[in-house]
Amino acid sequence: MERVHVRASRDYDVLIGEGLLAGCGGEIAAVTASRRCALVTDSTVAPLYARRVEDSLRQAGMDVCTYVFPAGEQSKTLATYGAILGFLAENRLTRSDFVAALGGGVAGDMAGFAAATYQRGIDYIQLPTTFLAASDSSVGGKTAVDLPAGKNLAGAFWPPRLVVCDCAAFSTLPADTFADGVAETLKHGLIADRDFFDFLMRQPIRDHLPAVVRRNVEIKAAVVAEDEFESGKRKLLNFGHTLGHAIEKCSGYTVTHGHAVAVGMVLAARAAERLGLSPKGTLETVLAGNRRYGLPTECAYTAEELYDAATGDKKRRGGKIDVVVLEEIGRAKTIPLDMDGLRAFVEAAL
Ligand code: NAD
Ligand code: GLY
């Protein structure tokens, strides 16, 4: 088992290995004195892994109650979030109890937001079961739900107490869902670590899962340690996200986050190269990463549709919106654009 320490407003560890869910109760008992847990999971993950986690928690001497919501981004709403809060209250969880989020980024973001706000904040544990959640969303303490106006518009920064990444759980992921995590993995290489990106282009990710998750977590942890609340460097993690979130919204959330980010990175690379903000060849490198792992490269929406969706994005500051561009492979920077600049960027992206 690997362990990565995350420095944040409250430090925590990320454990990475194969088969860790079966022993997660002992690891959780080591970081909390609480003996009551509300397990929050989705309808696909529950029949696969909930029993294993419940048994392990009970073996560690804990009481467990389990809440299951319908799987998918369409559930990441105020309504489901409200239902989770109601469940915590009905089960009389107190401030010294904790929530465990079992599943992908949707379970983690939503259960994390419930934990951040229930009785003004209780502890939570992340038990990611998608490659994306293990490599990205379970680390860093961003929690949220979507609003009709856009992605993740209601949320909080709330660090978990512990993250347990069981890479064996990825064996049951559909190929497309695994690829969602590949998109965020390529992103980490593109923005922060050229050697890692080159490794991903030489080696099949599936042959190196714990090592790849570990590098993803290290890259994200380093950024979060410097800028937990996204006033500066953390914005770099949003490479491909301004237009990626716009694609998700335009599709009514039928395009998954990872697939939307994959296309968003291509669009950002094309626009930046055309506008002279990234060196020539950047777009070709981003395209090569997507093609190698079967990720999409084409956008189904017009510049007007993307612009309208992106201007509702919460990354807008006053009259400005931040976009991330690659200075070279492995190094990124943020560019604040006014609304005319964003329009020009979106038009250059297509
Ligand atoms: P998800 O949680 O919807 O999971 C994808 C699908 O895989 C779901 O149908 C789920 O039921 C299923 N699934 C999960 N684990 C499985 C397993 N082991 N075997 C079989 N099926 C399994 O989506 P995701 O891609 O994990 O996460 C995307 C979400 O994460 C988005 O809402 C995105 O905004 C968010 N996100 C948050 C952050 C952050 O920093 N908080 C970062 C990136 C993404
Ligand atoms: N996924 C972007 C972040 O965690 O900041």
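The values are calculated or read from the model by the stated rules, or taken from the named source; none is laboratory data. Worth saying up front: this structure is predicted, and the values here are computed from it rather than measured. Glycine gets a Cβ as well: all are built from the backbone with ideal geometry, and neighbour counts include every protein chain shown.
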Which of the residues that make up the stretch 238-247 are touching a residue at least 24 places away in the same chain (Cβ under 8 Å) and surrounded by 24 or more Cβ atoms within 10 Å (Cβ to Cβ)? Phe239, Gly240, His241, Thr242, Leu243, His245, Ala246, Ile247
Mind checking which pairs have a first residue in the stretch 57-69 that is on the phi > 0 side of the Ramachandran plot and a second that is crowded, with 18+ Cβ neighbours inside 10 Å, Cβ under 9 Å, 6 or more apart or different chains? Gly61/Gly25
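Residue check: is Ala179 away from ligand 2 (no atom under 15 Å from the Cβ), under 15 Å from the mean Cα position of the chain (by Cα) and closer than 30 Å to Arg51 by Cα?
Spelling it out, Ala179 is indeed away from ligand 2 (no atom under 15 Å from the Cβ), under 15 Å from the mean Cα position of the chain (by Cα) and closer than 30 Å to Arg51 by Cα.
Could you check how many residues of the stretch 146-162 are hydrophobic (A, V, I, L, M, F, W, C) and within 11 Å of ligand 2 (Cβ to nearest atom)?
So the count comes out to 1.
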Here is a list of conditions, (1) more than 16 Å from ligand 2 (Cβ to nearest atom); (2) β-branched (Val, Ile, Thr); (3) in contact with a Phe, Trp or Tyr (Cβ under 9 Å, 6 or more places away or on another chain), and Thr143 meets all of them except one; can you say which number that is? (1)
Mind checking whether some residue in the stretch 227-236 is surrounded by 23 or more Cβ atoms within 10 Å (Cβ to Cβ), out of contact with any Ser or Thr (no Cβ under 6 Å at 6 or more places or on another chain), closer than 17 Å to Gly141 by Cβ and basic (Lys, Arg)? no
Within the stretch 256-275, how many residues turn out to be in a helix (DSSP H, G or I) and under 14 Å from the mean Cα position of the chain (by Cα)? 6
Please verify whether Ala211 is without any contact (Cβ under 8 Å) to a residue 12 or more places away in the chain, over 29 Å from Leu306 (Cβ atoms) and part of a helix (DSSP H, G or I), treating the condition exactly as stated. yes
Extreme residue, nearest to ligand 1 (Cβ to nearest atom), among residues of the stretch 108-141 that are under 26 Å from Leu173 (Cα atoms), touching a Leu at 6+ places or on another chain (Cβ under 7 Å) and of a type outside the set (Val, Ile, Thr): Phe131
What residue, of Arg215, Arg234, is more than 13 Å from ligand 2 (Cβ to nearest atom), at pLDDT 95 or above and over 21 Å from Ala175 (Cβ atoms)? Arg215
If Tyr253 satisfies every condition in (1) of a type outside the set (Gly, Ala, Ser); (2) within 9 Å of ligand 1 (Cβ to nearest atom); (3) part of a helix (DSSP H, G or I) but one, which is the exception? (3)
Evaluate the following for Ala8: is it within 16 Å of ligand 2 (Cβ to nearest atom), under 30 Å from His208 (Cα atoms) and not in a strand (DSSP E or B)? yes
If we keep just the residues of the stretch 94-108 that are surrounded by 24 or more Cβ atoms within 10 Å (Cβ to Cβ) and outside any strand (DSSP E or B), which is farthest from ligand 2 (Cβ to nearest atom)? Ala107
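For the stretch 153-169, state whether one or more residues are within 27 Å of Ala38 (Cβ to Cβ), in a helix (DSSP H, G or I) and in contact with a Ser or Thr (Cβ under 8 Å, 6 or more places away or on another chain).
Yes: the stretch 153-169 contains one or more residues that are within 27 Å of Ala38 (Cβ to Cβ), in a helix (DSSP H, G or I) and in contact with a Ser or Thr (Cβ under 8 Å, 6 or more places away or on another chain).
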